[in-house]
Amino acid sequence: MASYTKETLGRRFEEILIINASKCAKMEVVASSKYIFAVYEGEIRYIVCLERKICSCGRFQHDEIPCAHAMVVLKKRNIKDVHPYCFDYYKHDALTNTYAVPIEPMPDKSDWIAPKCVLEEIVLPPRYKKMPGRPRKKRKKNPDEKITTNTNCCEQCGQEGHNRRTCTFFPKDS
């Protein structure tokens with residue numbers, strides 16, 4: 001399964017790196033030391049430490065993939081290979097090692113040996129607590145996803161921004 005991937009990271013994580021690299025166009029980098037950098041994105045300053053793999057935005061530590069601020073620093077230092085700054089879990093070898101050990105099939109359920117206390121215990125689903133307010137119908141969108149907004153469209157003239165009642169293009173006959 002893992003032999004099909006040719007990149008060092010999985011395809012999804014390579015795409016995340018490409019997205020983060022594309023976000024770094026308007027950022028400025030100021031070096032503080034060999035490994036610590038200040039990255040300015042407009043008026044906001046982020047501190048990136050390449051040695052400890054941290055950024056003050058928190059994405060570098062959380063995802064363990066270089067965030068946009070870390071990508072700017074790596075680009076400024078002319079580091080082409082960003083894979084050493086990614087967590088080993090995302091690499092091809094980790095996936096290969098996961099399936100290297102043979103997985104033994106389970107015997108039939110009737111052959112299972114379970115303790116008596118486990119068999120007697122009745123497990124119920126967790127209690128559902130209804131949260132106050134109107135229930136959410138839409139999922140939370142990722143910041144990278146496009147937010148579509150529908151604008152009003154006039155039935156008479158077809159222009160956006162107003163409806164038939166407020167249309168000034170075709171005057172009403174009174």
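In debye, nearest 20, what is the charge dipole magnitude of the chain about its Cα centre with +1 on Lys and Arg Cβ and -1 on Asp and Glu Cβ, if you could check? List each step's numbers first, then the result.
Working: 31 positive and 22 negative charges, 188 e Å.
Rounded to the nearest 20 debye, it is 900 debye.
From the Cα gyration tensor of the stretch 2-94, with a ≥ b ≥ c the square roots of its eigenvalues, which class applies: rounded if a/c is under 1.5, or else prolate if a/b is larger than b/c, or else oblate? Please report the intermediate quantities before stating the final value.
Numbers: a/c = 2.17, a/b = 1.89, b/c = 1.15.
It is prolate, given that a/c is not under 1.5 and a/b is the larger ratio.
Considering the dipole of the stretch 52-174 built from charges on the beta carbon (Lys and Arg +1, Asp and Glu -1) around the Cα centre, which of 82, 70, 117 is farthest to its positive end?
70
Kirkwood hydrodynamic radius, computed over distinct alpha-carbon pairs, for the chain: how many Å, to one decimal? Could the numbers behind the result be given before it?
Values: mean 1/r = 0.0444 Å⁻¹.
Kirkwood hydrodynamic radius for the chain: 22.5 Å.
Among the listed pairs 26/91; 26/140; 34/76; 53/80; 26/146, give every one whose C-alpha distance is greater than 18 Å. Could you put the intermediate results ahead of the total?
Working: 26/91 30 Å; 26/140 27 Å; 34/76 12 Å; 53/80 16 Å; 26/146 20 Å.
As for pairs spanning more than 18 Å Cα to Cα, those are 26/91; 26/140; 26/146.
Every number in this text was worked out from the coordinates using simple rules, so none of it is lab data. Remember, predicted model here, so these are calculated numbers, not experimental data. A quick note on method: Cβ atoms are made from the backbone with ideal geometry, for glycine too, and the neighbour counts reach across all protein chains shown.
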